[in-house]
Structures are given as C-alpha cells and as structure tokens.
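What follows is one structure encoded as structure tokens, with my remarks underneath.
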Amino acid sequence: MSVEITIQPIGKKLVFNGKGSILAATQESGILLNATCGGEGICGRCVIQVISGQVSPPNPTEESTLGSVRIDEGWRLACQVRALDDTVIYIPPDSQLTTQRIQTEGMTVDVALDPAVTFVDIPFPLAASMQPESVLQHLHMVLTNPTLVIADPMREHLVEDLHRFDHHCSVFLRGEQVIGLRPADTSALGLAVDLGTTKLACYLVDLSNGKTLAASGVMNPQIAYGEDVMARINYAMTKPNGADELRQVVLDQLNQTAGSLCKQASRDIEDVADVVLVGNTAMHHLVLGLPVSQLGLAPYIPAEYDAIDIGAKMLGLQTSPDTYVHLLPNIAGFVGADHVAMLLGSQMLENKGVVLGLDIGTNTEISLIAHGKHYACSTASGPAFEGAHIQYGMRAAPGAIEKVFIQNNQVKYQTIDNLAPIGLCGSGILDLVAQLLKEGVINARGSFAKGSSNPRVRKGQKGYEYVLVEAGENAGKEISFNRKDISEIQLVKGSIRAGIEILLEKAGVPESDIDQVMIAGAFGTYLDVKSGIEIGMFPNLDLEKFVQVGNAAGTGAKMALLSRKVRSEAVQIAKHVQYVELTTEPGFTDTFARCLSLGK
C-alpha cells in the first residue's frame, strides 16, 4: 500500500510504498536528514514531528532517546517510524541537512540615526551603600536631566548590576527612562524581525552606528500547523489551545534565532535593548495573543490597527527584562505591518509618477501610488509558488529546479546548488509555464495543445503531462508537470493580475502609464520577471521598469529600529492607504475569470 507523506517545512509531497521508515522515504526523494548512524537509531539526530496521520507505535529505542513527553507531542526518530497512511511530518532545523534558501537581503537605505534606545558610558561613585535613588541622583547630575526615571523592572537589580560592572557602566536610555546597565563601552543592540507566514528573517543591529552585525533566515515553525494564513487561523479557532501553540512555537524560534545571532556577533542577549517586529495581520495577532477568528470571516477586521509597544518579557522574548518590542501598524485584515515595512524599505513612496509595488509571498500584497492616491489590496498566491498543490513542487531547497529554458524540444534547467533535481520551486514553476506557453505546448487556457508531437508530452494517470526530467537524468528522479499543476498557477496568476487591474481601475490609470514596478519578497527576488510578463501575471511593460528589491519588509523593520521618525512615518502611511477588499469589489469575479488566461 502506498502512502503520501507531506514534508514540512520543505513543502514537498512524496508517495512511498509504506514498507520502510520515514527516513528511507525522505532519502529516496532526495531530502537529506541528519542521520550520522546510518539509520540505526543510535545517534538520535533524525528527530521529526508527526503532525497528522497514523504511524507505527514507538519502539524501545525511541522511548529511551526521546522520552514519553516528547513522544506524546508527536516527536519520533525518522529511522524508526513508518507511515501507515497519509502523513504530515515536520523536520526541525537541527534534523535537516537540506537547508532552505531564505532571502534576508534588501535595498540599502540610509537613515538618520535616531533610535528609541540610546546609551551613555558613565562612571559611578564607589559608595557601597548606593541605592536606586542615589543612582538616579547621580544620573540627573551627570546627564543634566532631572526628569529621568528608572524603569520599574530595573529597580530590583539596579544596585546589583552596578557592583557587577565595577561602577562603570553603559546606561541604556529609552526617552526619559533608564532601562538597563551593561558593562562599560557596551553599545545597545536592536533586533529587527520580519515574521512571514512561511519564513522568518532576523537582523541584529548596533544602534550606535546602524550596522547589521548578523542576520539569519529560518522557516516559520508554524508551517507545521498549516501552509497558509487561513489554515493557521482555522487551527487557532478549532484546536484546544491552538492559538497558544502557534504563538509559543514562533516565540521559541525567535528566542533561538536571537541567541544564535548574538553568539555570531560575540555579544550578550542582554545587550538587545530594542526590538521591531513586522508581519502580516494574522502573524501580528498570533504573536501578540490577539483574537484571530474575525480575520477568517468577511469583512476581515483586525483586532488592532495601531502601532504597539509591549514589554519583551511580557511577550515571551528572552532579551533584557526592560526591552520593549515595537510593532508597526496594520492597514487591514490581510495587509499588515509587513507591507508598511515593505513600503518603507523599498523607498516606493519616494518615487515619482505611477508606481506599482508587489510583495510576493504566501499572500501577495499590492500597492498602487498614482496622482497622490495610494491603494492597496491582498491576493492569495504563495501556496502554489511555495510548491504546495504542485505534484513535484517544493520550496527553494538544494536540488529544486529554479530556472527552466526550452527551445525546439531541448530542455535546460538549473537546480539550487547544482544538485540532482528532486522537484520544482516557485521560480522554476513560473519559468516552466512561460516556456510551455512560448513553445506552444500549452495554450492560453492552460490545456495541452491537441495533436502535439512533442516527445515530452504523454498521457499520464491524471491526464496529459509534460516530462521535464526523465528518470535517471542528471541522477535525478522523474519530474513531470500536469494540467492540474498548470491550473494551480493560473489561479495564482489570475489572482495577482486581477488585483493589479482592480487597483488601476480604482486609480483611473491605464497600465501603460505605470512608471515603475517594484517587486519585493523572497519569491520576488528569484523569479524571472520576463516569465511573469510572458504568462500575463505582470503588466506588459519594458523590463527596465521592473525593480526587484529583495526583502524590503526586513529593510523597513531595520529602518524603524534605527529611527523614531520612521516609526512616525509608518503610522502616517497606514492611515493614508485606501484598502480595497477584492472579494467585495463589483466586477472582481469577471476580472479574475478573464485574468486566468495565460499570455501577455
């Protein structure tokens, strides 16, 4: 009996005969787990979590390695467990040898330094009997500021810290508040976080000079509970303690990543004195513990629009107890603080003329600025471009086909890290559809052309399909692309293009008047713009008008970390945007149906 195993966070589905272990299934599909003992159950490194599905019961090896608590939570050794029916598993980072490519870089934007947290190097008197009041009096005198106060959480450890640092300290200040003492000559650090539905980008920044000391991109562990925003909302609503689970797993990952970044920079986690976090509205609400049920139902109203400052300790971050987390404002139920950050980080608002901005991720947020007006909407996109619902789709990991070129039945492709092909990631999927259309293998409706003599087109179990990689070719597995796969891309393409057309109609602007198109996001970084134009996902404009700006949301989060003025600008941006809910727009259904067609 064959079973289907869905592997997260890679997003790959594989069919396995069910006779061997899950480790054997992943190895057969080209996905590498950390199994240094060769699958004997000795090293205990191939740990996975079974999210759903029936699997074989734990054996004594697993019980002794993992313990009953972890086994009850679904953790198993991949080399010891078998899938008995269709199963979803999650592979944590420590168990993966197949790492995913995550975009952290964005545009370089100069910002005048004006962080919310500053620091001053100050020697203190050596009096052994010093109390918080006398420390404060000394600060009043040295800083000539009689209105300074000591943050309440600090009072408990203030004198202890003073002695610990030999009465010569860096004093961290947030406005009129003393929020921390650190060893002399210690600069305050900030942490900028772009919390995406699929990926998590973090930046450790020196607040004294604005330099990024370390950056890291990891998968959002919430993906084990659902591919997209709606699946997470459903999990939070229907599972006992579901919202708490989603919140905790992402906070655990944030703490782990922050600690790793500090270690890379040879700094202490307590030096992190300020945090800026951005995410879409659902991610924002989940991490704050706000209700999300209303985001799953029309008219999709956020519980909170405004910018928020919350204590890091209250949130659950393991930074200094006196650190605050700043969250930029949301625009609407599906256009959140991450889009505000993208607008900042792309410098889109600084450009003249008609500017279209797309932040392509699990959802695609679209902004159009024209003649002093700013419109924005959100469209569903990511699951297909993340490899979901595509027969041989996967996320951008080693071995994924990322570029495709076809001419006269000759196929050329490029895989990530030049490894044997094991699947198709988003940019490769987009290229393949564009190339099949260009070569006449498929028509504008997405159907395979009748009477095609193309040797790579065949009748498969699910209808006609195109064989991109033949079995054994370049040491890879057979990879084909069928009509259902094409339909999934048509839905994404139609959704994005319909969103663009509705905004253009709102602004009264023809697409020929667009002066610039800015494409942000991880997928937006690697896609071939020409392929996007060929299938009609993007307007048919000169390539010179398109700019790929990388992780602009991450850049915007860093800007807000370094400047209080930028935080104020973010508030004004969110207020100025006119949100367009596509599902309630007259004519959207007809526009969407028309935009399903492939071609310029």
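The values are calculated or read from the model by the stated rules, or taken from the named source; none is laboratory data. Bear in mind that the values here come from a model prediction, so they are computed numbers and not experimental data. Note: ideal-geometry Cβ built from the backbone for every residue, glycine included; neighbour counts use all protein chains shown.
One line per residue, one yes/no per condition, for (1) at pLDDT 95 or above; (2) more than 22 Å from D94 (Cβ to Cβ); (3) among the aromatic types (F, W, Y):
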site	(1), (2), (3)
L162	no, yes, no
G180	no, yes, no
G190	yes, yes, no
V229	no, yes, no
P240	no, yes, no
L246	no, no, no
N255	yes, no, no
R267	yes, yes, no
Report summary line: Scanning region 498-536 residue by residue, the ones that are out of contact with any Leu (no Cβ under 8 Å at 6 or more places or on another chain), at pLDDT 95 or above and under 18 Å from I360 (Cα atoms) total 1
Query - Selection within region 296-345 - of a type in the set (S, T, Y) and under 19 Å from A243 (Cα atoms) - result: Y300
**Report entry** Condition broken by I369, with the remaining ones in (1) over 26 Å from V218 (Cβ atoms); (2) in contact (Cβ under 8 Å) with a residue 60 or more places away in the chain satisfied
**Finding:** (2)
Query raised in the report: Among the numbered criteria (1) on the phi > 0 side of the Ramachandran plot; (2) in contact with a Phe, Trp or Tyr (Cβ under 7 Å, 6 or more places away or on another chain), which single criterion is violated by G289?
Result: (2)
Requested in this report: Would you check if there is a residue in region 589-600 being closer than 21 Å to N280 by Cβ and in contact with a helix residue (DSSP H, G or I) (Cβ under 9 Å, 6 or more places away or on another chain)?
Outcome: no
Report summary line: Just one listed residue, out of I502, I479, I535, is closer than 14 Å to S427 by Cα and either out of contact with any Lys or Arg (no Cβ under 8 Å at 6 or more places or on another chain) or surrounded by 20 or more Cβ atoms within 10 Å (Cβ to Cβ) (or both), and it is I535
**Report entry** Members of region 293-320 that are assigned to a loop (DSSP other than H, G, I, E, B) and among the acidic types (D, E)
**Finding:** E304, D306
Requested in this report: Look through region 107-163, keep the residues that are among the small types (G, A, S) and outside any helix (DSSP H, G or I), and return whichever of them is nearest to the chain's Cα centre (by Cα).
Outcome: A116
Report summary line: Screening A337, A341, A298 for residues that are hydrophobic (A, V, I, L, M, F, W, C) and surrounded by fewer than 24 Cβ atoms within 10 Å (Cβ to Cβ) leaves only A298
Report task. Would you mind stating whether Y392 is surrounded by fewer than 22 Cβ atoms within 10 Å (Cβ to Cβ) and either in the same structural domain as S260 (by TED's automatic domain parsing) or in contact (Cβ under 8 Å) with a residue 24 or more places away in the chain (or both)? Result -> no
Query raised in the report: Has region 126-147 got any residue that is touching an Asp or Glu at 6+ places or on another chain (Cβ under 7 Å) and farther than 30 Å from G426 by Cβ?
Result: yes
Report task. Would you mention how many residues in region 416-434 are touching a residue at least 40 places away in the same chain (Cβ under 8 Å) and not in a loop (DSSP other than H, G, I, E, B)? Result -> 11
Report task. Could you tell me whether any residue of region 327-344 is in a strand (DSSP E or B) and without any contact (Cβ under 8 Å) to a residue 60 or more places away in the chain? Result -> yes
Report summary line: Exactly one of K373, K412 is touching a strand residue (DSSP E or B) at 6+ places or on another chain (Cβ under 6 Å) and surrounded by fewer than 24 Cβ atoms within 10 Å (Cβ to Cβ), and that one is K412
Query - Condition met for L277 (crowded, with 18+ Cβ neighbours inside 10 Å and either more than 16 Å from the chain's Cα centre (by Cα) or farther than 28 Å from K373 by Cα (or both)) - result: no
Query - Subset of region 588-600 (residues that are loosely packed, with under 12 Cβ neighbours inside 10 Å and of a type in the set (G, A, S)) - result: A593
